[in-house]
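Peer 1: Encoded as structure tokens, here's the structure I'll be asking about.
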Amino acid sequence: MSFVLSRVKKNAYYDSVRLMRIATNLQAKAGVLDAAIIVGTERNKEFLKDTNLFTDDVKSATNNDLCYVVEAESQEIGEQALILAESMLEGIGPLVMPNDQNLAYSLESALE
């Protein structure tokens, strides 16, 4: 059994490359089966329906909203992934997560 969790951030815009990078990093996290971070357009909602990532939260999203959705092995892993996605969106968390090890939160720590 898997769990699909989502959040919608109203009136938010982020660069699409950044969104794809964060989604890819979430997908690499242990216990995360799938992830998407997209704008709430009708076309993107159809994409989420096709990939079984559509939720009631996403249903109400508009073209000005950002949707982030994860499918995880457990509710707890899904919640942690959503929190991580939000921190990465806000520039607080790491943008690179190789196997959840050696996370770099700053340039200095990455160089170390």
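Peer 1: Sorted by accessible area (1.4 Å probe), largest first, how do PHE47, PHE54 line up?
Peer 2: Values: PHE47 105, PHE54 65 Å².
Greatest to least solvent exposure: PHE47, PHE54.
Peer 1: Quick one: what are the phi-derived ³J(HN,Hα) couplings along region 81-90, Karplus 6.51/-1.76/1.60 with θ = phi - 60°, whole Hz, x for glycine and proline?
Peer 2: 5, 5, 5, 5, 4, 5, 5, 5, 4, 7
Peer 1: Relative contact order for region 1-75: what percent, with Cα pairs under 8 Å and sequence separation of 6 or more? Please report the intermediate quantities before stating the final value.
Peer 2: On the way: 130 pairs, mean separation 39.2, N = 75.
RCO, region 1-75: 52 percent.
Peer 1: Looking only at Cα atoms, what is the convex hull volume of region 1-79 per residue, in Å³? Please list the in-between numbers first.
Peer 2: Working: hull volume 6.2 nm³, N = 79.
Spelled out: Cα convex hull of region 1-79, divided by residues, is 78 Å³.
Peer 1: In whole Hz, with x marking every Gly and Pro, tabulate ³J(HN,Hα) for region 25-33 from phi via Karplus 6.51 cos²θ - 1.76 cosθ + 1.60, θ = phi - 60°.
Peer 2: Listing the rounded values in order: 5, 5, 4, 7, 6, 4, x, 8, 8 Hz.
Peer 1: Per-residue HN-Hα couplings for region 54-62, Karplus 6.51 cos²θ - 1.76 cosθ + 1.60 at θ = phi - 60°, whole Hz, x for Gly and Pro?
Peer 2: 7, 10, 4, 4, 5, 4, 8, 5, 10
Peer 1: Same structure again: Can you compute the charge dipole magnitude of region 1-56 about its Cα centre, using +1 on each Lys and Arg Cβ and -1 on each Asp and Glu Cβ, nothing else charged? Give it in debye, rounded to the nearest 20.
Peer 2: On the way: 9 positive and 6 negative charges, 50 e Å.
Dipole magnitude for region 1-56 comes out near 240 debye.
Peer 1: Now for a separate question. Considering amide H positions built from the backbone, and no H for Pro or chain starts, which residues 5 or more places from VAL39, or on another chain, come under 5 Å of its amide H?
Peer 2: Counting only residues 5 or more places away or on other chains, the set is CYS67.
Peer 1: Looking at region 25-79, which GluC sites (Glu not before Pro) are in a loop (DSSP not H, G, I, E or B) and have at most 16 other Cβ atoms within 10 Å?
Peer 2: Numbers: sites: GLU42, GLU46, GLU71, GLU73, GLU76, GLU79; in loops: GLU73.
Counting only loop positions with at most 16 other Cβ atoms within 10 Å, the GluC sites (Glu not before Pro) in region 25-79 are GLU73.
The values are calculated or read from the model by the stated rules, or taken from the named source; none is laboratory data. Here the structure is a predicted model, which means the values were calculated and not measured. FYI the Cβ positions are ideal-geometry reconstructions off the backbone, even for glycines, and counts take in every protein chain you see. Note: accessible area is taken over every heavy atom of the protein model, side chains too, but ligands, DNA and RNA are not part of it. Shrake-Rupley method; radii C 1.70, N 1.55, O 1.52, S 1.80 Å.
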